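S.K.: Quick one: this structure, given as structure tokens, is what I'll be asking you about.
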Amino acid sequence: MPPEPILKQSTRILYPSEYRAIRSHLTFKDQLLLDGLLFSGMRGVEFARFLEHPDWYKASRHAIDLPKGSMLKKRAKQAERTVLLSNAGVQAIETLISYRKQNPEDLRPISRQSWSETLLRAARKAKDEGHLAGLKGIAPKMTRKTWSSWILATHGHREGSVSLSMGHDIRTMLRHYAGLGWPPEARQEIKQYTAGWGGE
């Protein structure tokens, strides 16, 4: 039985099993994009800019430095910020950068609508196989919201660092993403994906 969907502001917060089920129905290229978006927690526009500037990734610090102007968001809380990565995030970003170096024309930023359709197509297949309970809330925003929730579930003692890395105001972040009550087995799986985040 697939888990009952978790929705916040009408957007799905994925269980690790749901993430894997959707991912299994994506092309390799789209898997790279999904992993990069999820494990960095970046907004779509930030991620698109990062694809054009892979030098923003700082391997020695396991972080991505988003410079001023990279967010293009009027109400962004910070003009620039450092995105901290977990071990899974480092692997995802390094695989993405390596693939892009070899295939520069292959990994272009895609439109929000096109990405939304790609995710829904994969989710529909996962649902048909019985790995997903419904398609409600499957949308581009879910990777960022999922990552906020996962990081807070395992690194809640560092809420200041989490909010800075995500570019969120602490109160907004806690109101939307804290205390979702993950079952023990899901929490264990989440820990595997967030291990090493911020050097922990």
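FYI, it's all coordinate maths here, none of it is from the lab. Computed from a predicted model, the values in this text were never measured in an experiment. Cβ: placed from backbone, ideal geometry, glycine included. Neighbour counts: every protein chain shown.
S.K.: With θ set to phi - 60° and the Karplus curve 6.51 cos²θ - 1.76 cosθ + 1.60, what are the ³J(HN,Hα) couplings of segment 152-159 in order, to the nearest whole Hz, using x for Gly and Pro?
M.R.: Once rounded to whole Hz, the list reads 5, 5, 10, 10, x, 5, 10, 4.
S.K.: To the nearest whole percent, what portion of all C-alpha pairs in the chain is separated by more than 24 angstrom?
M.R.: Within the chain, distances greater than 24 Å cover 36 percent of Cα pairs.
S.K.: Among the listed pairs Lys29/Lys101; Lys127/Lys191; Lys58/Lys101; Lys136/Lys191; Lys8/Lys141; Lys29/Lys68, which have their C-alpha atoms separated by more than 22 angstrom in this model?
M.R.: Lys127/Lys191; Lys136/Lys191; Lys29/Lys68
S.K.: Moving on. If each residue of separation counts as 0.36 nm, what is the full-extension length gain between Asp55 and Ala178 once their alpha-carbon separation is subtracted?
M.R.: 41.1 nm
S.K.: Treating only the Cβ atoms of Lys and Arg (+1) and Asp and Glu (-1) as charged, compute the dipole magnitude of the chain about its Cα centre; round to the nearest 20 debye.
M.R.: 680 debye
S.K.: What residue among Ala88, Ala59, Ala122 has the largest mean-square fluctuation in a Gaussian network model of the chain, using Cα springs under 10 Å?
M.R.: Ala59
S.K.: Any idea what the relative contact order of the chain is, in percent, if you count C-alpha pairs under 8 Å spaced at least 6 apart?
M.R.: Normalised by residue count, the contact order of the chain is 33 percent.
S.K.: Count neighbours as other Cβ atoms within 10 Å of each site's Cβ, and list the GluC sites (Glu not before Pro) in segment 69-173 that are DSSP loop with at most 14 such neighbours.
M.R.: Glu80, Glu105, Glu129
S.K.: So for the chain: antiparallel DSSP bridges make up what percent, rounded to the nearest 5?
M.R.: Bridges in the chain are about 100 percent antiparallel.
S.K.: Let me ask something else about it. With θ taken as phi - 60° and the coefficients 6.51, -1.76 and 1.60, list the Karplus ³J(HN,Hα) couplings across segment 186-200 in order, rounded to whole Hz; mark glycine and proline as x.
M.R.: Working through the residues one at a time gives 5, 4, 4, 5, 4, 4, 5, 7, 9, 3, x, 4, x, x, 9 Hz.
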